[in-house]
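A short write-up of the structure that comes next.
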Protein chains: 2
Amino acid sequence: MSVVRLSRYFLPVLREDPAEAEIVSHRLMLRAGLIQQAAAGIYNWLPLGFRVLKKIEQIVREEMDRAGAIEILMPTIQPAQWWKESGRYDDYGKEMLRIRDRHDREMLYGPTNEENVVDIFRRHVKSYRQLPLNLYHIQWKFRDEIRPRFGVMRGREFLMKDAYSFDYDFAGAKRSYENMFLAYLRTFRRMGLTAIPMVAESGPIGGNMSHEFQILASTGESVVYYDAAFEELDLAAEDVEVEALTRLYAAVEEKHDPERCPVPAERLRKARGIEVGHIFYFGTKYSAPMGATVTGPDGREVAVEMGSYGIGVSRLVGAIIEAYHDERGIVWPEPVAPFRVGLVNLRPDDADCTAMAEAMCTRLDRAGVETLYDDTQERAGAKFATMELIGLPWLVVIGPRGARSGLVELRSRRDGTATELGPDAVLQRLCG
Amino acid sequence: MSVVRLSRYFLPVLREDPAEAEIVSHRLMLRAGLIQQAAAGIYNWLPLGFRVLKKIEQIVREEMDRAGAIEILMPTIQPAQWWKESGRYDDYGKEMLRIRDRHDREMLYGPTNEENVVDIFRRHVKSYRQLPLNLYHIQWKFRDEIRPRFGVMRGREFLMKDAYSFDYDFAGAKRSYENMFLAYLRTFRRMGLTAIPMVAESGPIGGNMSHEFQILASTGESVVYYDAAFEELDLAAEDVEVEALTRLYAAVEEKHDPERCPVPAERLRKARGIEVGHIFYFGTKYSAPMGATVTGPDGREVAVEMGSYGIGVSRLVGAIIEAYHDERGIVWPEPVAPFRVGLVNLRPDDADCTAMAEAMCTRLDRAGVETLYDDTQERAGAKFATMELIGLPWLVVIGPRGARSGLVELRSRRDGTATELGPDAVLQRLCG
């Protein structure tokens, strides 16, 4: 089931630029049939967009698991009572979607889950021996933005990964924080992104140690300065010195003071960035008021030390497009591409072309190469325009001349290079 | 990463029966640490429960994909306007969770998605040539039940797979319906369940061809009569005659009339069942009022013929436990078990035991056998009680005597049989 036939797929591409899109990722997501608006800031994920969303979600999941976090799933709807306990119910303002159920109980659509996870913790964890613990989930959130815009980049209903760490003392909390810091660098790199962590204000989550992760994109929303060392990190090593990484210099333009910047000019980089993650240490801000305590080795009860760690999963779809596109459309990095290969049969009415294309399908399917096979009767120009718009990393083109001589064309979406090859060589290039 | 260590896991089992649970699945889900209530009818999925939920979701997904349905994701929050167009906004009553956003716009938490998917369809599909089309998603829904009970079996926030078929004419719609009918039988069988489809009333979805799928469980909510043929179906064949299957006899007790039952006594079965799926054909009930039309081969515009097809994914977790449990706990069928193997080290303080257990972990991990490794200091009785409660299909037990002689015990949760084997033989039994 690795090959999908376009004639049986649902890929509603738009030939015209939609008027409502102000930024390139929003425009391309609508044009390439990734999403469709349901209401302001609320989107349907169409088949192609859904595939990308799932790819990103899976990379995030694997890196969280690798870092020792444990996946759970908290509900979207929460009782208001928790938020009254933590003291945030009134603070959160109109961004929180407040709901009354049929029994007139106060509920809300979770904009984040600190209270919820603390409630889980306090009911089950009693001893320092059960720590450290890091629970995460990947769930839809709702923030009732006054002016939703930029497509999925600032939506109201959005998919977020949020992890929550619990430790007995500050030293443990710091280790948990650094563990997530490293996991974030690895996560974004696996998506083909350079992520720059920068010391951040903590905002409504609260806290006193916080980094915001911006990925680099020429069309990014903010200007960032950073140490070139970020581009050369070896994250594969088992003994990465995370603490040193947290001290590398990076700052958004508003906070960057050239007079005080510790990085020598030749190693200082300037670029544009998009925020895609945010990590916080906030100590006992929630555990103390909500009574999440553990008994220590000395028998005394202490409020547990916490941090929270968010990644905007749906936002990343837009952010990656901001980082990877050209004038013809999206240019997906392979790890998050909806399909790796677009197979274009230029002449489905030609028996040789179709025989060759079908044989290619069988082989790609067996090799597990995710392929979108354009078997439609569209003309060549339209087929290429669609494939370039949706940005699959590789195009395999089958035309009458090649079909006679046993050759197909393999094109790279990223650099446009094209090579004529036999089917064996294509498979080898894609899977070798 | 196939092996999880219990000492670093979050598995809050309860030794006592929770007072609020009226049925066995609810009791066992709470006791085995699968879920935790957040509010009436709203649950947190703890690590073990989350794994089961994902297994079920994945089987549903694979069978939908195999049947040619295409996955999308519609949002949880919908604009009320669609429901006013379809005429259901007032009909749905208090079960629908109605919300006003900060701009006082009427929204709702979707209890189902007919209107939403029709909106997607009508914006993009214009010709009969683009049909048939079947779009599905697996998304959280909310129904504000007046009295939520039975844990996830009748929750308010619940995970459902809902598919929607679009066809040009009745003949096509009937094929789509039969295609889903077969996919449902296959889906439930893959989970180790016997599903009995029975002709049903169509309820608030509306329609005039409808089957409800009940799975058999001794503790089921209703009594069902059915043709023994259902137990012998060959669903693997490529040429299953679905239409004949839709006509096999099955009825809930209230509708079963022994005088008129066409099945001879020796082939009539009586059992208890739980509803886990429901499929509907409803023609143009939504497409006509919402203007979802296509142009036919004759150039005339017609409202598209539709059906919808639901499976209660979160409900299935409870339903499977109702079907598979004993007095000691859950007995998971292998395809949906959270882990296939529980590895019990009876003496983590014994060097031989631990060396053998660690070696076993490495091998199970390499073989990709999902394993929960109990490396804790609990006493043997408590370890076995937990493993039996959480119901993993296989237990591998390592104790001091066996460790000396190179033998482990392999126990089947289902039938309780135990065999002493060497590690090679264990791997062969589990993977062979």
- Task: Express in whole angstrom the spacing between the alpha-carbon centres of the range B:182-196 and the range B:390-424.
- Result: 31 Å
- In Å² (nearest 100), what accessible area is buried between B and A, both sides summed, heavy protein atoms only, 1.4 Å probe? 4800 Å²
- Message: How long are the semi-axes of the equivalent ellipsoid of the protein assembly as shown, defined as square roots of 5 times the Cα gyration tensor eigenvalues? Whole Å, largest first.
- Response: 39, 38, 30
- Quick one: Cα centre-to-centre distance for the range B:232-257 and the range A:149-176, in angstrom? 49 Å
- Message: Shape verdict for the range B:168-318, please, from the Cα gyration tensor: rounded (a/c under 1.5), prolate (a/b greater than b/c) or oblate.
- Response: prolate
- Compactness check, the range B:52-148: C-alpha Rg relative to the 2.2 N^0.38 Å globular estimate gives 1.25
- Message: How large is the translational diffusion coefficient of the range B:339-431 in µm² per second when you combine the Kirkwood radius over alpha carbon pairs with Stokes-Einstein at 10 °C and 1.306 mPa s?
- Response: 123 µm²/s
- Assign one of three labels to the range B:96-239, namely rounded, prolate or oblate, based on the Cα gyration tensor with a ≥ b ≥ c the square roots of its eigenvalues; rounded applies when a/c is under 1.5, prolate when it is not and a/b is larger than b/c, and oblate otherwise. oblate
- Between A:S210 and residues 5 or more places away or on another chain, the pairs with built amide H atoms under 5 Å apart involve A:A200, A:Y281
- Note on the structure: Heavy-atom accessible area per residue of the protein assembly as shown, all protein chains kept, 1.4 Å probe, expressed in Å², is 39 Å²
- The farthest towards the positive end of the charge dipole of chain B, of the residues B:A355, B:I77, B:Y43, given +1 on Cβ of Lys and Arg and -1 on Cβ of Asp and Glu, is B:A355
- Query: About its Cα centre, how strong a charge dipole does the range A:158-294 have in debye, to the nearest 20, once Lys and Arg get +1 and Asp and Glu get -1 at the Cβ?
  - Reply: 280 debye
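When DSSP beta bridges are limited to those with both residues in the protein assembly as shown, what percentage is antiparallel, rounded to the nearest 5? Before the final figure, lay out each step's value.
On the way: 144 of 174 bridges.
Expressed as a percentage, antiparallel bridges in the protein assembly as shown total about 85.
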- Item | Test item: A:41-48 mean partner chain Cβ contacts at 10 Å | 6
- Message: Quick check: Cα centre of the range B:33-48 to Cα centre of the range A:292-322, how many Å?
- Response: 19 Å
- For the range B:170-259, what is the Kirkwood hydrodynamic radius in Å, using each pair of distinct C-alpha atoms? 14.1 Å
- Fraction of accessible area attributable to carbon and sulfur, the protein assembly as shown (%, probe 1.4 Å): 47 percent
- Task: Quick one, can you get me the convex hull of the C-alpha atoms of the range A:34-330 expressed as volume per residue in Å³?
- Result: 152 Å³
- Query: Per residue of A:115-124, what is the mean number of Cβ atoms on other protein chains within 10 angstrom of that residue's Cβ?
  - Reply: 3
- Query: Can you list, shortest first and in nm, the gaps between the label point of A:R100 and those of its counterparts in the other copies, using a point 7 Å from Cα in the C-beta direction?
  - Reply: 1.0
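In percent, how large is the relative contact order of chain B, given Cα pairs closer than 8 Å and 6 or more residues apart? Show your work: numbers first, answer last.
Values: 862 pairs, mean separation 76.3, N = 432.
Dividing the mean separation by the residue count of chain B yields 18 percent.
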- Would you check the accessible area of A:D90, probe 1.4 Å, heavy atoms only, in square angstrom rounded to 10? 130 Å²
- Query: Over all residues in B:136-147, what is the mean tally of Cβ atoms on other chains that come within 10 Å of each residue's Cβ?
  - Reply: 2
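Return the calculated 222 nm mean residue ellipticity for chain B, to the nearest 500 deg cm²/dmol, obtained by summing -39500 (n - 2.57) across DSSP H runs with n ≥ 4 and dividing by the residue count. Before the final figure, lay out the partial values.
On the way: 12 runs with 129 residues, N = 432.
Value at 222 nm, helices only, nearest 500: -9000 deg cm²/dmol.
The values are calculated or read from the model by the stated rules, or taken from the named source; none is laboratory data. Predicted model only: the values in this text are computed from it and were never measured. Every residue, glycine as well, gets a Cβ built from its backbone with ideal geometry; the counts of neighbours run over all protein chains shown. Ligands, DNA and RNA are excluded from the accessible area calculation, which covers all protein heavy atoms including side chains. Shrake-Rupley method; radii C 1.70, N 1.55, O 1.52, S 1.80 Å.
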